[in-house]
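The values are calculated or read from the model by the stated rules, or taken from the named source; none is laboratory data. Worth saying up front: this structure is predicted, and the values here are computed from it rather than measured. For neighbour counting, all protein chains shown are included, and Cβ atoms are generated from backbone atoms with ideal geometry for every residue, glycine included.
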């Protein structure tokens with residue numbers, strides 16, 4: 001039901017006047033004359049509404065638009081979900097009713113027609129806009145926006161565009177040229193009275209019920225990490241990375257193509273597969289490993305790189321044997337009894353889960369019109385489906401993408417492991433890849449490390465407010481296991497570095513420095529003992545503080561915790577209901593005179 005329905009303006013139906021001069025209504029008037037009543041008002045006054053106020057409230061409520069790279073959402077304020085979600089497809093770039101453009105593609109084996117040719121490469125025709133505008137035609141972007149807006153107004157909202165002001169939600173990184181193009185399009189063709197622009201991290205924080213948080217938005221083109229303090233985004237401390245949903249789909253498509261492609265074929269995977277099918281397969285089968293499983297896999301790859309046997313190391317085996325020896329007891333008859341600790345229910349469930357994952361298989365079927373086989377069928381282990389998330393978010397960017405086939409050299413006669421990630425070189429393991437850091441930018445870092453840097457660079461008060469309130473949102477955030485993996489790796493990074501204290505660079509001055517260290521060795525040892533006692537006392541105080549917070553149902557300071565959010569659009573709906581005037585509001589008359597947002 002549209003919000004403009006007059007029957008929804010008040011809980012009581014409108015009063016209908018009777019026709020006094022109508023002969024047909026004479027019987028009805030005689031029936032009512034016995035019990036005369038006072039006509040009810042059209043609007044019912046109550047503690048929540050005043051007479052006539054309901055209609056004004058309906059007029060003042062804005063429309064909420066959320067503009068993303070691939071999707072457009074629109075709806076009314078004070079609603080729990082948008083009325084429509086319109087995605088960008090290659091068919092929108094052509095004329096209406098035109099099937100295919102630019103000729104047809106030819107099968108590489110048989111030479112037969114294999115369907116319409118796509119003009120651009122990769123994902124360009126699945127996107128509304130990009131951050132790189134050097135090769136982007138703004139006229140095409142404006143036409144796409146107009147088509148999307150007319151579809152939203154005429155098919156889903158069913159409301160006059162001139163009667164509602166707009167509240168538009170934009171990502172934290174949005175090109176100014178596209179924002180001016182959007183404002184010009186709206187004011188020229190749809191003529192709203194005013195437009196208010198809001199940032200998506202603030203609204204995501206508001207939809208989570210928070211005033212301060214660290215919002216990790218895993219978008220299509222990039223991932224943005226925005227600290228929000230008292231509902232204000234701290235733009236000076238925002239971190240960006242090119243690792244996003246687009247890179248995740250690219251890795252998954254490359255893994256599929258490497259699995260089935262003939263030897264020596266160097267064709268790009270997006271020329272063989274359809275982006276929509278690859279994205280659908282990833283949404284149905286993609287998942288992310290936990291921190292403990294990923295750490296164990298990395299340790300196994302390191303052992304293979306050094307030529308060590310795969311499995312549990314010697315120190316752990318000695319500890320197990322020693323524990324078994326100590327647990328041996330003798331009963332009254334002199335027989336040995338070995339006391340073993342029974343596994344907990346959580347350990348049993350975890351072991352069953354791992355066994356189920358390792359034994360499960362996934363059957364895939366997708367179209368490959370350019371190959372000899374028009375439909376390709378594959379049966380892959382379910383464990384391999386987690387490799388795409390590892391490549392896209394948790395491995396160095398220079399890691400070469402392999403395939404879904406188990407590969408890698410291992411010592412003969414040793415236990416084998418399933419390996420879908422290449423074995424690193426010994427030099428990289430020994431150096432810890434530190435030689436590459438000076439040439440890297442933020443896009444080269446893994447997501448947990450980038451979140452750690454964002455928190456480390458924040459002021460102390462902001463960091464204290466954001467650590468227990470980490471909001472992970474975006475298109476790829478719905479992948480199973482991804483949120484817990486980011487938080488788990490972040491916790492390990494903090495524990496490895498001993499907390500949030502800044503580490504100063506080591507001063508190397510040759511012999512003078514070494515002489516000074518030798519002379520002050522005894523003093524340092526005393527200082528270490530003193531610091532050890534202080535750390536023990538501080539740890540006991542922290543434990544008591546955590547117990548105190550847990551007793552009252554709170555979270556102790558310094559506890560890394562994730563918070564769920566309902567999304568930026570819901571935050572905009574909540575904010576519009578509060579009737580708060582935005583600080584960035586563009587009026588139509590002012591914009592048409594200056595043509596600047």
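Just a few scattered comments:
Results for (1) surrounded by fewer than 18 Cβ atoms within 10 Å (Cβ to Cβ); (2) modelled with pLDDT of 65 or more, shown as yes or no for each residue.
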position: 118; (1), (2): no, no
position: 129; (1), (2): no, yes
position: 135; (1), (2): yes, yes
position: 151; (1), (2): yes, yes
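- Conditions (1) assigned to a helix (DSSP H, G or I); (2) modelled with pLDDT of 85 or more; (3) in contact with a strand residue (DSSP E or B) (Cβ under 8 Å, 6 or more places away or on another chain): number failed by residue 364: (1)
- All positions within segment 81-93 that are at pLDDT below 90 and either under 13 Å from residue 568 (Cα atoms) or in a helix (DSSP H, G or I) (or both): 90, 91, 92, 93
- Qualifying residue in segment 526-534 (condition: out of contact with any helix residue (DSSP H, G or I) (no Cβ under 8 Å at 6 or more places or on another chain), at pLDDT below 70, surrounded by 10 or more Cβ atoms within 10 Å (Cβ to Cβ) and part of a helix (DSSP H, G or I)): no
- Take the conditions (1) out of contact with any helix residue (DSSP H, G or I) (no Cβ under 8 Å at 6 or more places or on another chain); (2) modelled with pLDDT of 85 or more; residue 416 misses just one of them, which is (2).
- With respect to the conditions (1) surrounded by fewer than 20 Cβ atoms within 10 Å (Cβ to Cβ); (2) closer than 30 Å to residue 462 by Cα, residue 216 lacks only one, and its number is (1).
- All strands (runs of 3 or more DSSP E) inside segment 188-267 with 2 or more residues being touching a helix residue (DSSP H, G or I) at 6+ places or on another chain (Cβ under 9 Å) and more than 30 Å from residue 143 (Cα to Cα): 213-218, 223-229
- Given (1) assigned to a loop (DSSP other than H, G, I, E, B); (2) at pLDDT 85 or above; (3) surrounded by 18 or more Cβ atoms within 10 Å (Cβ to Cβ), number of the condition residue 178 does not satisfy: (1)
- Qualifying residue in segment 339-356 (condition: within 30 Å of residue 243 (Cβ to Cβ), touching a strand residue (DSSP E or B) at 6+ places or on another chain (Cβ under 8 Å), at pLDDT below 85 and not in a helix (DSSP H, G or I)): no
- Selection of helices (runs of 4 or more DSSP H) fully inside segment 425-486 by the criterion of at least 1 residues being modelled with pLDDT of 90 or more returns 447-457, 460-466.
- Total residues in segment 138-159 satisfying the condition of being part of a loop (DSSP other than H, G, I, E, B) and either touching a helix residue (DSSP H, G or I) at 6+ places or on another chain (Cβ under 9 Å) or not assigned by TED's automatic domain parsing to the domain that holds residue 192 (or both): the figure is 1.
- Screening residue 287 against (1) under 22 Å from the mean Cα position of the chain (by Cα); (2) in a helix (DSSP H, G or I); (3) closer than 21 Å to residue 247 by Cβ leaves a single unmet condition, (2).
- Only one of the numbered conditions (1) modelled with pLDDT of 90 or more; (2) more than 24 Å from residue 243 (Cβ to Cβ); (3) surrounded by 15 or more Cβ atoms within 10 Å (Cβ to Cβ) is violated by residue 158, and that is (3).
- Residue match in segment 181-196 (condition: closer than 24 Å to residue 566 by Cα and modelled with pLDDT of 90 or more): yes
- Residue 248 under 27 Å from residue 387 (Cα atoms), surrounded by 23 or more Cβ atoms within 10 Å (Cβ to Cβ) and either more than 12 Å from the chain's Cα centre (by Cα) or modelled with pLDDT under 90 (or both): no
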